[in-house]
2 protein chains.
Amino acid sequence: MLVDAIAQLSFLVQNSLAEIAGDYDLSLIQTRLLGVLRDREPTMNELGRHLGLDKSSTTGLVSRAQGRGLVARTVSEVDRRVVRVSITDVGRDLVKQVGERFTERIGELVADLPDTERQEFSRLAGRVVLADMHRHGLDPGGAAG
Amino acid sequence: MLVDAIAQLSFLVQNSLAEIAGDYDLSLIQTRLLGVLRDREPTMNELGRHLGLDKSSTTGLVSRAQGRGLVARTVSEVDRRVVRVSITDVGRDLVKQVGERFTERIGELVADLPDTERQEFSRLAGRVVLADMHRHGLDPGGAAG
DNA sequence: TATTGTTATACTCTATAACTATA
DNA sequence: TATAGTTATAGAGTATAACAATA
């Protein structure tokens, strides 16, 4: 059945990512945090919106990552209330490794599909995601892949 | 890209489920717990294996659900060390509602695909899941759909 | 002794409410 | 006053280690 297949696939993918991240002592949310920061230097406010978290949750998340040397805080010069969050070299290296292994794992998952079907699957998945983004307010979002 | 599409789709599905479950004050793991119990009455041990949790985590999870009247514990008559976990009528009703709304939501997600492509997508997703189960030690597993 | 499950403890993750600093 | 972020607090979820009861 369609729902079962898609639901189970999503659990499969999420569990794979969680497992790989766990090898680097990263939770899913910490991994998403680093993923978002790869190509952005958002304010705490923006970061919280990206991750769908309350500002207090964002504070804690960032603080724990900062404690491990994965991210850094910088007070804005123009508005001293604002804090920008950036990824450190250590954090960047870590999320790179997780991303590479995640890519490998997804490759293994679809390894049994013939090339044509694999491409078709990718195309359809992309289309579903795209349709949903259009349905809401856009923004590609930044997971870990 | 394939990895991105599949990863984003999995986040989309998981977020949808989490959101729906949240409307009933259920976390993802509580929802999975109830989903597993729909057609099983496992021991704590078996339950923990199903959910991929340590036995102490399973104890806590079940205790919180029991506190809400969603599941029940029964000490085995044959081996008094063993505890079996079952779903209550309240729990069954709750997971039924979540399941129905989840099914609807998935339907919405793939609504833009023409029938042929939707079927193809379902078939491919099912095939990936199946291949993974074969790769490991089988067992359909019980999400919420 | 071995197994099943619980308890004690510690940490992450999350939200709400109160607070501080800046605008 | 309003906004950005932090702190205090509380609870869910998780694991490790120690424990109790039963086999």
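Can you tell me which residues in the range B:17-34 are of a type outside the set (A, V, I, L, M) and surrounded by 20 or more Cβ atoms within 10 Å (Cβ to Cβ)?
Of everything in the range B:17-34, those that are of a type outside the set (A, V, I, L, M) and surrounded by 20 or more Cβ atoms within 10 Å (Cβ to Cβ) turn out to be B:GLN30, B:THR31, B:ARG32.
Return yes when B:SER57 is away from DNA strand D (no atom under 16 Å from the Cβ) and among the polar types (S, T, N, Q) and no when it is not.
no
Quick check: anything in the range A:101-113 away from chain B (no Cβ under 14 Å), assigned to a helix (DSSP H, G or I) and modelled with pLDDT of 95 or more?
Checked against the condition, which is being away from chain B (no Cβ under 14 Å), assigned to a helix (DSSP H, G or I) and modelled with pLDDT of 95 or more, the range A:101-113 yields no hits at all.
Criterion first (more than 9 Å from DNA strand D (Cβ to nearest atom), more than 16 Å from the chain's Cα centre (by Cα) and either charged (D, E, K, R) or part of a loop (DSSP other than H, G, I, E, B) (or both)) does B:ARG92 satisfy it?
no
Of the residues A:GLY22, A:GLY52, which is within 14 Å of another protein chain (Cβ to nearest Cβ), within 24 Å of B:ASN15 (Cβ to Cβ) and within 11 Å of DNA strand D (Cβ to nearest atom)?
On inspection, the qualifying residue turns out to be A:GLY22.
Give the residue that is farthest from DNA strand D (Cβ to nearest atom), with candidates limited to residues of the range B:28-48 that are over 16 Å from B:VAL90 (Cβ atoms) and within 14 Å of another protein chain (Cβ to nearest Cβ).
Filtering first and then ranking leaves B:ASP39.
Here's the yes/no breakdown for (1) in a helix (DSSP H, G or I); (2) among the charged types (D, E, K, R); (3) over 20 Å from B:VAL75 (Cβ atoms); (4) modelled with pLDDT under 95:
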{"residue": "B:PHE11", "(1), (2), (3), (4)": "yes, no, yes, yes"}
{"residue": "B:ASN15", "(1), (2), (3), (4)": "yes, no, yes, yes"}
{"residue": "B:ASP39", "(1), (2), (3), (4)": "no, yes, yes, no"}
{"residue": "B:VAL62", "(1), (2), (3), (4)": "yes, no, no, no"}
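From B:THR43, B:THR31, B:THR58, grab the single residue that is away from DNA strand C (no atom under 11 Å from the Cβ), within 30 Å of A:GLY22 (Cβ to Cβ) and of a type in the set (Val, Ile, Thr).
Sole residue among the options that is away from DNA strand C (no atom under 11 Å from the Cβ), within 30 Å of A:GLY22 (Cβ to Cβ) and of a type in the set (Val, Ile, Thr): B:THR31.
Pick out the one residue from A:VAL98, A:VAL82, A:VAL75, A:VAL71 that is β-branched (Val, Ile, Thr), within 16 Å of DNA strand C (Cβ to nearest atom), at pLDDT 90 or above and loosely packed, with under 12 Cβ neighbours inside 10 Å.
Result of the check over A:VAL98, A:VAL82, A:VAL75, A:VAL71: A:VAL75.
The values are calculated or read from the model by the stated rules, or taken from the named source; none is laboratory data. Please read these numbers as outputs of a predicted model, since none were measured by experiment. When we count neighbours, we look across all protein chains shown, and the Cβ atoms used for this are built from the backbone with ideal geometry, even at glycine.
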